[in-house]
């Protein structure tokens, strides 16, 4: 894809300041972009991405030194010798520009690859694409325009809705339901047996997991994730929730709508998360915890108890973020305080000797 600066401005709904004749074919960083690339002037972080709507002095200076063919910014930059595309929302412009200049890959071909193994009673919409080496078992269903990548396996009686994309080697066990417009990246497993055992007669006996997994519409799941099936009922991922790579979600967990779950998070069995919850990287939740709507849990926190709606917590065990930051500050001062304590102890000891 190649556009003039003026054409790109029109596509982004941006105000163009400067010459619009230059050619743009890619998106680059402000530091490394060349004359045929558009760059973004970085600003304050907003909505948990790396670009904002305002620019500070450091980023303005970088823009003036950049070799980019044009810059996208949330505000006009004075004395800049290159075209500026001024937008209301830099984050939205970033998403649109990356979409415009995404790599042009070979389009997916509708139909079933000859190497796929599809059960006679499986239902595959004629508009779906089934890749090489896919296995689709009895009673499974694949909806309109869904793409099942090479090496995937769809278990008995599981359903994949319309406009879904399952990348290579995704495994969906039996009796799972995936809604519409869902993306599941490579090597993720949906519906594996949960980690539930009872100690009976001196040995650990696996508890049967007869439930399923329900993934609602517009959910996106990263690579190498595991979402376990329920013992009874369903493990549920709410509509619009986005899950990063390497996340473990245990049996009977219920996650609300529009949650964000970062990499290496572990959610124990039967936890319930409200809508709009954010779990930062490496967060761990003990079992049977309830997290209210809009809660934000900071990185590496260990959550041991319920958290009320709207709270922000950090630390292990997780506590209110302000208290956690004060505790961390004091912890960092401990070596200095310890040194002072030793000095004071020695002074007291010397005073006692003098007194004697």
| Among the listed residues 270, 329, 316, which satisfies the condition of being in the same structural domain as residue 209 (by TED's automatic domain parsing) and either exposed (fewer than 13 other Cβ atoms within 10 Å of the Cβ) or closer than 19 Å to residue 227 by Cα (or both)? | 270
| remark: Within the stretch 99-118, the residues that are within 16 Å of residue 148 (Cβ to Cβ) and touching a strand residue (DSSP E or B) at 6+ places or on another chain (Cβ under 9 Å) are 108, 109, 110, 111, 112, 113, 116, 117, 118
| said: Considering only the stretch 277-300, I want to know if a residue exists there that is over 17 Å from residue 241 (Cβ atoms) and touching a residue at least 60 places away in the same chain (Cβ under 8 Å). | reply: no
| field | Search result, residues across the stretch 88-98 that are surrounded by 21 or more Cβ atoms within 10 Å (Cβ to Cβ), farther than 10 Å from residue 27 by Cβ and in contact with a strand residue (DSSP E or B) (Cβ under 6 Å, 6 or more places away or on another chain) | value | 93
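Yes/no per residue for (1) touching a residue at least 60 places away in the same chain (Cβ under 8 Å); (2) closer than 18 Å to residue 65 by Cα; (3) part of a loop (DSSP other than H, G, I, E, B):
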| position | (1), (2), (3) |
| --- | --- |
| 7 | no, no, no |
| 20 | yes, no, yes |
| 30 | no, yes, yes |
| 33 | no, yes, yes |
| field | Considering residues of the stretch 200-242 that are at positive phi and within 22 Å of the chain's Cα centre (by Cα) only, the residue surrounded by the fewest Cβ atoms within 10 Å (Cβ to Cβ) | value | 224
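The values are calculated or read from the model by the stated rules, or taken from the named source; none is laboratory data. In this text the structure is predicted, and so the values were computed from the model without any measurement. Note: ideal-geometry Cβ built from the backbone for every residue, glycine included; neighbour counts use all protein chains shown.
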